[in-house]
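Take a look at the structure below.
The values are calculated or read from the model by the stated rules, or taken from the named source; none is laboratory data. None of these values were measured; they are calculated from a predicted model. In this analysis, Cβ positions are derived from the backbone assuming ideal geometry, glycine residues included, and neighbour counts consider all displayed protein chains. Just so you know, the surface numbers come from the protein's heavy atoms only, side chains and all, with ligands and any DNA or RNA stripped out. Shrake-Rupley method; radii C 1.70, N 1.55, O 1.52, S 1.80 Å.
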Amino acid sequence: MERALQNYERVTKEATTELLAAWEMEKEKLNRKQQDLEEDRRRLEFEVAKGRLALEKDRAAFAAEIAGVEGMIVQPEDRVQLNIGGKHFETTRRTLTVALSEAPFSYFGAMFS
């Protein structure tokens, strides 16, 4: 009986040692997995931040483009109707006043100076 008890204690101790070793190995695996996941998270956060910066840059460029296009749109109050010898023409103030800078000594340049 004594021998059986000693054998039982030895087997139990060996099994416990093996289980602890297995547990330590699993713990190490989990720690490595956790570190890998943390690295992935940091990398993804960095990529998201870069993406946000690129998006903001694109939004700013798009807003500038919209402003430029809106500046080209002729507003109704900028339209000018001309009656030249009974013939009706429509143009913009900008077209008429550009003569100031492009041809200041022309008829329209003299007219708008």
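Going residue by residue through the stretch 10-22, is there one that turns out to be at pLDDT below 95, loosely packed, with under 10 Cβ neighbours inside 10 Å and more than 37 Å from the chain's Cα centre (by Cα)?
no
Given the condition free of Cβ contacts under 8 Å to residues at least 12 places away in the same chain and within 30 Å of Thr95 (Cα to Cα), answer yes or no: does some residue in the stretch 47-61 qualify? Before you say what the answer is, go through the steps one by one.
Initial filter on the stretch 47-61 (free of Cβ contacts under 8 Å to residues at least 12 places away in the same chain): 47-61.
Next, only the ones that are within 30 Å of Thr95 (Cα to Cα) stay: 60-61.
Scanning the stretch 47-61 turns up at least one residue that is free of Cβ contacts under 8 Å to residues at least 12 places away in the same chain and within 30 Å of Thr95 (Cα to Cα).
Is it the case that some residue within the stretch 73-81 is part of a helix (DSSP H, G or I) and open to solvent by 70 Å² or more (accessible area, probe 1.4 Å)?
Within the stretch 73-81, the first condition is being part of a helix (DSSP H, G or I), and the residues that meet it are 76-78.
Now drop any that are not open to solvent by 70 Å² or more (accessible area, probe 1.4 Å), which leaves 76-77.
For the stretch 73-81, residues part of a helix (DSSP H, G or I) and open to solvent by 70 Å² or more (accessible area, probe 1.4 Å): present.
Please pick out the residue among Glu70, Glu47, Glu38 that is surrounded by fewer than 10 Cβ atoms within 10 Å (Cβ to Cβ) and either on the phi > 0 side of the Ramachandran plot or under 37 Å from the mean Cα position of the chain (by Cα) (or both). Working first, answer last.
Working: Glu47 fails: surrounded by fewer than 10 Cβ atoms within 10 Å (Cβ to Cβ); Glu38 fails: surrounded by fewer than 10 Cβ atoms within 10 Å (Cβ to Cβ).
When all the criteria are applied, what remains is Glu70.
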